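> Submitted below is the structure of interest, expressed as structure tokens.
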């Protein structure tokens, strides 16, 4: 349940948000001042553990969150030289994500809020990724278009105002990051696939193999990557049956270029169609070096200002949740103690 509290209008002191993020396999906490100044951003990653299984195991992720969450919060407060009594409000990711992982963070945030009598603010995970752009780009203000690309999401969004979004398009099947992981596994790179394909692609020829670029009829801003993934698998199987040696670097580079071409084409088409001069990217795949370079080049050609977070702010982190939480706080949004994890939460829903 979301409540409105307009008492914030009388407050002029600094707003310190203690933020918690546990939607997947990173246990994270941060302290953010006035929305754009990060005093601390602590992340405990489980990548090494889940690599053993070739992907995230939800039950293991939840248990690790329980083990780490208190330590991460204590470290975030210590690094920020802040005590709980100094905190203005607690922000926490409550969806979308793995339900067990989300519940750990939500339960912790509610407990801290209750014990300290500080306001509680539930934050949408995708809103957090979009808000990561505000941290290092002090001049960035809505409205603008943002592409959110991660392991679970590929969204093209108009950011009308802080906390106000219009979804232009999304993936009809696999998310871009999911396709990266599956292709990486198929060519023997293992998990996590995105960074490994990014590195290997630098050694390959992106024009070596003609993989398809999918378009969705009647939905020019939507994405589809399952056909591309199948084309890569078919190519690998065909080479195997014919006894043709596979150049993994060429496969990685050609696949990556096919993904990037579609992301760039759809995104910049939206920017120009809607008449914006500002474009941002967010999410784990936004740290891909080739993707960033492609957008930088194409935005420069069109006189569009290109924004992107640093790689550490592209992956799941709590600083972005603190920033999103701050803008919800100043609008008077408050969550009650019946706040629950919502694994399939849609952007813009509460």
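> With respect to residue 287, is the statement that it is touching a helix residue (DSSP H, G or I) at 6+ places or on another chain (Cβ under 9 Å) and either in contact (Cβ under 8 Å) with a residue 12 or more places away in the chain or under 29 Å from residue 47 (Cα atoms) (or both) true? Lay out the reasoning, then the answer.
Values: touching a helix residue (DSSP H, G or I) at 6+ places or on another chain (Cβ under 9 Å): yes; either in contact (Cβ under 8 Å) with a residue 12 or more places away in the chain or under 29 Å from residue 47 (Cα atoms) (or both): yes.
Yes; evaluated as a whole, the condition is true for this residue.
> A follow-up question, please. Name the one entry in 42, 47, 73 that is within 28 Å of residue 181 (Cα to Cα), touching a strand residue (DSSP E or B) at 6+ places or on another chain (Cβ under 7 Å) and either surrounded by fewer than 17 Cβ atoms within 10 Å (Cβ to Cβ) or in the same structural domain as residue 125 (by TED's automatic domain parsing) (or both).
Working: 47 fails: touching a strand residue (DSSP E or B) at 6+ places or on another chain (Cβ under 7 Å); 73 fails: within 28 Å of residue 181 (Cα to Cα).
Every option except 42 fails the conditions.
> Looking only at segment 188-212, count every residue that is in a loop (DSSP other than H, G, I, E, B) and surrounded by fewer than 17 Cβ atoms within 10 Å (Cβ to Cβ) and tell me the total.
The initial filter retains those residues of segment 188-212 that are in a loop (DSSP other than H, G, I, E, B), namely 188-192, 202-212.
Narrowing further to those that are surrounded by fewer than 17 Cβ atoms within 10 Å (Cβ to Cβ): 188, 190, 202-203, 205, 207-208, 210, 212.
Summing the residues that are in a loop (DSSP other than H, G, I, E, B) and surrounded by fewer than 17 Cβ atoms within 10 Å (Cβ to Cβ) in segment 188-212 gives 9.
> Output the number of residues of segment 289-319 satisfying the condition of being out of contact with any strand residue (DSSP E or B) (no Cβ under 6 Å at 6 or more places or on another chain), assigned to a helix (DSSP H, G or I) and surrounded by fewer than 20 Cβ atoms within 10 Å (Cβ to Cβ).
11
> Kindly indicate which of 156, 200, 189 is at pLDDT below 95 and closer than 23 Å to residue 286 by Cβ. Step through it out loud before you land on a result.
On the way: 156 fails: at pLDDT below 95; 200 fails: at pLDDT below 95.
Checking each option against the conditions leaves just 189.
> Report every pair of residues separated by at least 6 positions or lying on different chains whose Cβ atoms are under 7 Å apart, first residue within segment 232-246 and more than 18 Å from residue 182 (Cβ to Cβ), second surrounded by 10 or more Cβ atoms within 10 Å (Cβ to Cβ) and modelled with pLDDT of 95 or more.
Partner pairs satisfying both residue conditions: none exist.
> Looking for something surrounded by fewer than 18 Cβ atoms within 10 Å (Cβ to Cβ) and closer than 13 Å to residue 254 by Cβ - is there at least one such residue anywhere in segment 213-220? So that I can check it myself, show each step before the final result.
Here is the first cut: in segment 213-220, the ones surrounded by fewer than 18 Cβ atoms within 10 Å (Cβ to Cβ) are 213-220.
In the following step, the residues that additionally are closer than 13 Å to residue 254 by Cβ were identified as 213.
Looking through segment 213-220, at least one residue is surrounded by fewer than 18 Cβ atoms within 10 Å (Cβ to Cβ) and closer than 13 Å to residue 254 by Cβ.
> Taking the criterion of being in contact with a helix residue (DSSP H, G or I) (Cβ under 9 Å, 6 or more places away or on another chain), within 20 Å of residue 125 (Cβ to Cβ) and not in a helix (DSSP H, G or I), would at least one residue in segment 257-277 satisfy it?
no
> Among the residues that make up segment 327-337, is at least one of them closer than 20 Å to residue 156 by Cβ and either part of a helix (DSSP H, G or I) or not assigned by TED's automatic domain parsing to the domain that holds residue 34 (or both)?
Restricting attention to segment 327-337, the residues satisfying the condition of being closer than 20 Å to residue 156 by Cβ are none.
Checked against the condition, which is being closer than 20 Å to residue 156 by Cβ and either part of a helix (DSSP H, G or I) or not assigned by TED's automatic domain parsing to the domain that holds residue 34 (or both), segment 327-337 yields no hits at all.
> Look through 145, 57, 106 and report the one residue that is within 16 Å of residue 23 (Cα to Cα) and in contact with a strand residue (DSSP E or B) (Cβ under 6 Å, 6 or more places away or on another chain).
On the way: 145 fails: within 16 Å of residue 23 (Cα to Cα); 57 fails: in contact with a strand residue (DSSP E or B) (Cβ under 6 Å, 6 or more places away or on another chain).
On inspection, the qualifying residue turns out to be 106.
> Can residue 87 be described as surrounded by 18 or more Cβ atoms within 10 Å (Cβ to Cβ) and not assigned by TED's automatic domain parsing to the domain that holds residue 180?
Values: surrounded by 18 or more Cβ atoms within 10 Å (Cβ to Cβ): yes; not assigned by TED's automatic domain parsing to the domain that holds residue 180: yes.
Answer is yes for this residue.
> I'd like to verify a number: residues in segment 163-187 that are part of a helix (DSSP H, G or I), touching a residue at least 60 places away in the same chain (Cβ under 8 Å) and surrounded by fewer than 21 Cβ atoms within 10 Å (Cβ to Cβ), how many?
Total meeting the criteria: 1.
For (1) outside the structural domain of residue 87 (by TED's automatic domain parsing); (2) under 30 Å from residue 72 (Cα atoms); (3) crowded, with 21+ Cβ neighbours inside 10 Å, each residue gets a yes or a no:
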site	(1), (2), (3)
262	yes, no, no
272	yes, no, no
276	yes, no, no
283	yes, yes, yes
287	yes, yes, yes
321	no, yes, yes
324	no, yes, yes
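> Also: Looking at (1) surrounded by fewer than 16 Cβ atoms within 10 Å (Cβ to Cβ); (2) part of a loop (DSSP other than H, G, I, E, B); (3) modelled with pLDDT of 90 or more, which is the one condition that is false for residue 63?
Answer for residue 63: the failing condition is (2).
Listed here are the residues, each with its yes/no results for (1) touching a residue at least 12 places away in the same chain (Cβ under 8 Å); (2) closer than 30 Å to residue 273 by Cβ; (3) not in a strand (DSSP E or B).
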site	(1), (2), (3)
108	yes, no, yes
126	yes, yes, yes
139	no, yes, yes
151	yes, yes, yes
155	yes, yes, no
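The values are calculated or read from the model by the stated rules, or taken from the named source; none is laboratory data. Everything quoted here is computed from the prediction, not taken from an experiment. Heads up, the Cβs are rebuilt from the backbone with ideal geometry, glycines too, and the neighbour counts pull from every protein chain shown.
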